[in-house]
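Every number in this text was worked out from the coordinates using simple rules, so none of it is lab data. Predicted, not measured: the structure shown is a model, and the values here were computed from it. Backbone-built Cβ (ideal geometry, glycine too); neighbour counts: all protein chains shown.
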Amino acid sequence: MNIYKRNNLYWIKLTDYEKEILGKEKNRFSLKVKNKKHAEEYKKELKEKVIIKKNQVETTNKPAGKILFSEVLEKYIEYKKNIGEELNIGTIHLYDLALKHFYKALPDKIIDSYDKKDYNTFLYEMKNLAQNTKAIYTSRINALFNYLVKEDYLEKNYFRIVKEEKKKTIIVTDDQVNQLINYAKKTKLYEVVMLMKIGAFRASEAISITNENIKNEHIEIIGKGNKAASIPIINEMKEFLSTKPKFEQKINYVGVRKFFQRASKKLGFKIKSHDLRKYQLSRLANAGVNIYFVKNYARHSDIKTTLKYYAMVDLDKMRNEIDKILGTMEGTKRK
C-alpha cells in the first residue's frame with residue numbers, strides 16, 4: 001500500500017493481496033485528493049481494515065495443528081512475502097537443505113504431533129555435521145515452528161537452535177601471502193589470487209570479474225546474495241592492473257579450492273581462499289583506515305561482521321602504539 005502524486009492529486013494504491021483481503025472493497029483501491037494529510041489518514045484506515053480482515057480470514061481457515069509439516073514452508077514463504085520480507089533464493093535453498101535432514105530423521109506428519117523427542121532425533125541425525133552447520137539448519141526449522149506458533153497453528157515450539165562454535169580467526173602473515181603469490185605466478189590462478197589479495201574479494205567474486213567490470217576509478221562486482229557493489233581502485237590495484245592482466249580464462253570455484261589445497265601442501269602451511277580477504281581487511285584496519293571504509297571495502301552490510309571476523313588486531317603494533325602514547329604522557333608529566 002503506497003501513496004503517490006500524479007496530476008497534483010494524491011493516489012493510494014493497494015497490492016493485489018490487499019485488494020483480495022478487503023473483498024467487497026477491493027475496487028476501492030485509490031483515493032484522489034489534493035490534501036496529502038487526508039490521503040495518509042485514509043491509508044491508515046485501509047491498513048487497519050486489511051489487518052482485521054486478514055486475521056478474520058486466517059482464523060477461519062486455520063485447521064489448528066492439523067496440517068502436515070510438508071505444507072509449512074510454502075505457507076511461510078507466502079507469509080514473508082506478504083509482510084514485505086520476501087525470502088531470497090539462497091535463503092530458501094537453506095530451508096530446503098534443513099528439511100532434507102529433517103525428513104531423514106523424522107516422517108512428515110501432522111504438526112501438533114511433533115515433540116521434544118523428535119527434536120532430539122533430528123539432532124542425532126546431524127551428529128556428523130559441523131557445529132555451525134547444525135546451527136544453520138536448526139535455526140531454519142526453529143523459524144518454521146516459531147511461525148506456526150505466532151500464527152496460532154501451534155501452542156509450543158520444541159525445536160531449538162544449536163549454538164554456533166566460536167571460531168578463532170587466524171590471519172596469515174605477510175611472508176605466507178608472498179609465498180602464495182610467488183607460487184600462483186606459475187599457474188593460471190595468479191590474476192584471481194591477486195584480485196582476492198588486493199580487493200579482499202571472495203573467491204566467487206574474483207572468478208566472475210572480467211575486463212568489463214574494471215572502470216576508471218572502481219571495480220564493479222556482483223557480491224554475496226547477488227547484490228551489485230563496487231570498490232575503489234586503490235594504488236595497489238592500480239599497479240597490478242597496469243601489468244594488463246587477462247581475466248578471460250574460465251575458472252570455477254572448485255578449481256580455486258583445489259588450487260589452495262595444492263598450495264597448502266606445497267608451501268607447508270594451511271591457507272584457504274578466504275584467508276586473503278581476512279588478511280587484506282585486517283591489514284587495512286591496522287594501517288589506520290577508517291573502520292567504516294574497511295566495512296564498505298568488504299561489502300559487509302553490518303559493521304559488527306567486520307569487527308568480529310576481519311579486523312584482527314596486530315598485537316605488536318598495538319603494544320608499540322600504547323608504549324609510544326604512554327611514553328609521551330610520562331614525558332609531559334616530568335616537564
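Could you tell me whether region 69-150 comes out rounded, prolate or oblate from its Cα gyration tensor? Rule is a ≥ b ≥ c as square roots of the eigenvalues, rounded for a/c under 1.5, then prolate if a/b exceeds b/c, otherwise oblate. In terms of gyration-tensor shape, oblate. Which log10 I(q)/I(0) values does region 176-259 give at q = 0.12, 0.26 Å⁻¹ under the Debye formula, counting every alpha carbon as one identical point scatterer? Values returned for q = 0.12, 0.26 Å⁻¹ are -0.32, -1.56. The value of relative contact order for the chain, using C-alpha pairs under 8 Å at least six residues apart, is 11 percent.
Extension gain for His218-Lys66 works out to 49.2 nm (0.36 nm per residue, less the C-alpha to C-alpha distance). When the Cα positions of Asn182, Ile77, Leu106 are compared along the charge dipole of region 72-223, Asn182 comes out farthest toward the positive end, with charges on each C-beta of Lys, Arg, Asp and Glu. For the peptides 276-286, 214-224, residues were scored by their other Cβ atoms within 10 Å and the scores averaged per peptide; the highest-first order is 276-286, 214-224. Highest mean packing first, where packing is the average number of other Cβ atoms within 10 Å per residue, the peptides 140-151, 252-263 line up as 140-151, 252-263. Can you give the FRET efficiency for Tyr79 and Ser204, using 1/(1 + (r/R0)^6), R0 = 35 Å, r = Cβ-Cβ distance, to the nearest 0.05? For Tyr79 and Ser204, the calculated efficiency is 0.70. The HN-Hα couplings worked out from phi for region 268-281 by the Karplus form 6.51 cos²θ - 1.76 cosθ + 1.60 (θ = phi - 60°) are x, 9, 7, 9, 10, 4, 5, 4, 5, 5, 5, 4, 5, 5 Hz, whole numbers, x standing for Gly and Pro.
About the centre of its Cα atoms, region 69-150 shows a dipole size close to 300 debye [charges on the beta carbon of Lys, Arg (+1) and Asp, Glu (-1) only; nearest 20 debye]. Comparing mean-square fluctuations of Tyr310, Tyr42, Tyr119 from a GNM of the chain with C-alpha springs under 10 Å, the top value falls on Tyr42. For region 203-228, the residues whose amide N sits under 20 Å from a probe point set 7 Å from the Cα of Glu86 along the beta carbon direction are 223-228.
Using only Cα positions of the chain, each an equal point scatterer, no hydration layer, compute I(q)/I(0) via Debye at q = 0.10, 0.14 Å⁻¹ and quote the log10 values to two decimals. Result of the Debye calculation: -0.90, -1.14.
Put simply, the amide H of Leu87, placed in the peptide plane, has neighbours under 5 Å in Lys81, leaving out anything fewer than 5 places away on its chain. The residue list Ser282, Gly90, Ile322 was ranked by how far each Cα lies along the charge dipole of the chain toward its positive end, using unit charges on Cβ atoms, and Ile322 comes out on top. Rounded to the nearest 20, the Cβ-based charge dipole of the chain about its Cα centre (Lys and Arg +1, Asp and Glu -1) stands at 500 debye.
For region 102-117, 3J(HN,Hα) computed residue by residue from phi via the Karplus equation (6.51, -1.76, 1.60; θ = phi - 60°) reads 4, 6, 5, 8, 10, x, 6, 9, 4, 4, 7, 9, 6, 9, 4, 4 Hz, glycine and proline entered as x. Multiplying the residue separation of Ile291 and Thr187 by 0.36 nm and subtracting their alpha-carbon distance yields 34.0 nm. Of the peptides 74-87, 178-191, the ranking by mean beta-carbon count within 10 Å, highest at the top, reads 178-191, 74-87. With a simple spin-label model that places each label point 7 Å from the Cα along the Cα-to-Cβ direction, the separation between Lys166 and Asp302 comes to 1.7 nm.
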